[in-house]
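Take a look at the following structure, please.
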Amino acid sequence: MQPSRSQVTERNGLFELEAGTDVLDSPRYNHDMAPTKVHERTWNKWHITALWIGMSICVPTYTLGGVLTAYFGLSVGEALLAIFLANIVVLIP
């Protein structure tokens with residue numbers, strides 16, 4: 001039997017939703033979109049790093065580099081440094 005109220009539990013710094021009938025009966029709840037259980041989370045820091053690098057090396061990054069050099073007068077090294085620092089800032093949160 002499911003509990004009537006949902007609860008959020010913490011396990012080793014990871015949070016997990018124990019869905020109750022208040023959530024399960026909602027028309028907005030879908031098992032496909034439900035939060036992943038702690039034991040189902042298989043990604044480690046290398047998976048996250050690969051995702052971040054893949055998101056950093058993309059066409060808009062190259063476009064930004066071209067704009068920084070052509071319109072703002074930065075050297076190639078300065079443009080690369082600016083893009084690298086911006087990606088680090090995005091990574092921090």
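Looking only at the stretch 1-38, which residues are outside any loop (DSSP other than H, G, I, E, B) and surrounded by fewer than 10 Cβ atoms within 10 Å (Cβ to Cβ)?
Within the stretch 1-38, Val8, Glu10, His31, Asp32, Met33 qualify.
Next up: Return the residues of the stretch 39-93 that are closer than 29 Å to Gly13 by Cβ and either in contact (Cβ under 8 Å) with a residue 60 or more places away in the chain or part of a loop (DSSP other than H, G, I, E, B) (or both); say none if nothing qualifies.
Those that are closer than 29 Å to Gly13 by Cβ and either in contact (Cβ under 8 Å) with a residue 60 or more places away in the chain or part of a loop (DSSP other than H, G, I, E, B) (or both): Arg41, Thr42, Trp43, Asn44, Ile92, Pro93.
Still on this structure, I have one more. Please go through the stretch 48-75 and pick out each residue that is polar (S, T, N, Q), out of contact with any helix residue (DSSP H, G or I) (no Cβ under 8 Å at 6 or more places or on another chain) and under 23 Å from Ile92 (Cβ atoms).
Listed by number, the list holds a single entry, Thr49.
None of the figures in this text is laboratory data; all of them are computed from the coordinates on show. In this text the structure is predicted, and so the values were computed from the model without any measurement. Glycine also receives a Cβ, built like all others from the backbone with ideal geometry; neighbour counts cover every protein chain displayed.
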